[in-house]
1. Which members of the stretch 139-153 meet the condition of being farther than 14 Å from residue 198 by Cα, at pLDDT 95 or above and either outside the structural domain of residue 204 (by TED's automatic domain parsing) or among the small types (Gly, Ala, Ser) (or both)?
2. Residues that are without any contact (Cβ under 8 Å) to a residue 12 or more places away in the chain and at positive phi: does the stretch 282-291 have at least one?
3. Can you say whether residue 93 is out of contact with any Lys or Arg (no Cβ under 6 Å at 6 or more places or on another chain) and under 24 Å from residue 218 (Cβ atoms), as far as the supplied structure shows?
4. Collect the residues in the stretch 422-443 that are loosely packed, with under 12 Cβ neighbours inside 10 Å and charged (D, E, K, R), keeping them in residue-number order.
5. How many of the residues making up the stretch 4-44 are more than 24 Å from residue 421 (Cα to Cα) and of a type in the set (Gly, Ala, Ser)?
6. Looking only at residues in the stretch 336-381 that are without any contact (Cβ under 8 Å) to a residue 60 or more places away in the chain and among the polar types (S, T, N, Q), which one is surrounded by the most Cβ atoms within 10 Å (Cβ to Cβ)?
7. Condition test on residue 82, is it in contact with a Phe, Trp or Tyr (Cβ under 6 Å, 6 or more places away or on another chain), surrounded by fewer than 23 Cβ atoms within 10 Å (Cβ to Cβ) and β-branched (Val, Ile, Thr)?
8. Across the stretch 113-136, what is the total count of residues that are modelled with pLDDT of 95 or more and within 19 Å of residue 31 (Cβ to Cβ)?
Amino acid sequence: MDARLQSAFAALIGDKHVLTSAQDTAPYTTDWRKQYRADALCVLRPASTGEVAAVVSLCAREGIAVVPQGGNTGLCGGSVPTGTRPEVVLSLSRMNRIRSVDALNDTMTVEAGCVLADIQRAADAAGRLFPLSLAAEGSCQIGGNLSTNAGGVNVLRYGNAREQVLGLEVVLPDGRVWDGLRALRKDNTGYDLKQLFLGAEGTLGVITAAVLKLHPKPSASATAWIAMQSPARAVALLAQLHARLGERISAFELVSRRCLEAVLAHAPATRDPLPRAHLWYVLAEIADAGEGAALTAQVEQALAACQDLVDDAVLASSNAQAQALWKIRETIPEAQFTNVKHDVSVPVSKVPELIERAGAALEAAFPGAPIYAFGHIGDGNIHYNVGDQALLARRAEVNRVVYDAVAALGGSISAEHGLGQLKREEIRHRKDALELELMQALKRAIDPQGLLNPGKVL
């Protein structure tokens, strides 16, 4: 980067927040899985919306691409440079203020660089719940969560990140600021513009702040680890528990025996929750107001009524036991880190067929390749990971088998992780031509120079 441009950036945000050395920029130019890495002119760390707007405006005048970045915990290479043109990484990490909490309106206004776990704690301190929860919550930032429409374990009850937002503040590709920070649940005044930027992976604008919805904080919860013979029984159990417990089921996670064994090998201090092995498990979280003992009794009764579907089950008797069960689920991604990963979704009723259909096709094509199937069966989102490092060289072949099975069941090749660079080309073959045309028209209309996060999504 030439001295003139470096000086111009330094004048806007301060010299120490313009990172140029390879040592300083490396954490920002390599993705979390270390699958993608490319150089950038520099990394810029603004501290306010005004500074973001000034930086983006300067980049627009200079024809420099901008790669917005939160916690850089994504799995699809969406938050790092492509290296195909002059790019700067725009880190929002210094914009980490919680601007306000309105407990009576059940809203919180936060800046994009707030770490998700900090938002959860602030909501809890106000006697409220912010339900977005995922494995990276200790380091991921809310701007990235919203830009990728993150899911997590509580989608079943509360919905994706998109459904937790009432208003946004966004810096547009030319540096103008759209102030849509409205804390309204009803605003029927035309197009809902915030939806353009939620899930757009920073390709249409830079989210700098958001008004988030808060929810009543449950006073009672029950965590159950349930064994069964098949995913089909897990889906049937979900229907039965919904009939008996209603919308109090906030999480319903499927775990295969292979996944549990991977965790036990990766983290030897982990204990198998049940005395003998079973083929499949569900980790369920049920939450409500009232007394914990009363809720636990209701869950026990509900499970007893489903004995034809359940082989064994254990309910956590303390918060520590509940956390230990959730630790198993949260450790699965790192316990089988290097393989061909898929973040797919189908209708909940079709999840068993997906697992069976894709499994049979993979066995035929790649005999003996291990399959690690786990995830959010309650909303139809399965993380379907295949093989080991040796199979990475045949990623495209593996993808085709899994994605064909997903397509046959009317599913999606990206349920919650986004497209980024990883699935940018694949989506061209999986989406309707008119749908792609409309997406491209939006991109051209809002970002005619193609400067925001180029090479991602489209």
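1. 139, the sole residue that qualifies.
2. Within the stretch 282-291 (the criterion being without any contact (Cβ under 8 Å) to a residue 12 or more places away in the chain and at positive phi), the answer is no, since none of the residues qualifies.
3. no
4. The answer is 425, 428, 432, 435, 437.
5. Qualifying residue count, the stretch 4-44: 6.
6. 339
7. no
8. So the count comes out to 3.
The values are calculated or read from the model by the stated rules, or taken from the named source; none is laboratory data. The structure presented is a predicted model; accordingly, all values stated were derived computationally and were not measured. Cβ coordinates were reconstructed from backbone atoms using ideal geometry, including for glycine residues, and neighbour counts include every protein chain displayed.
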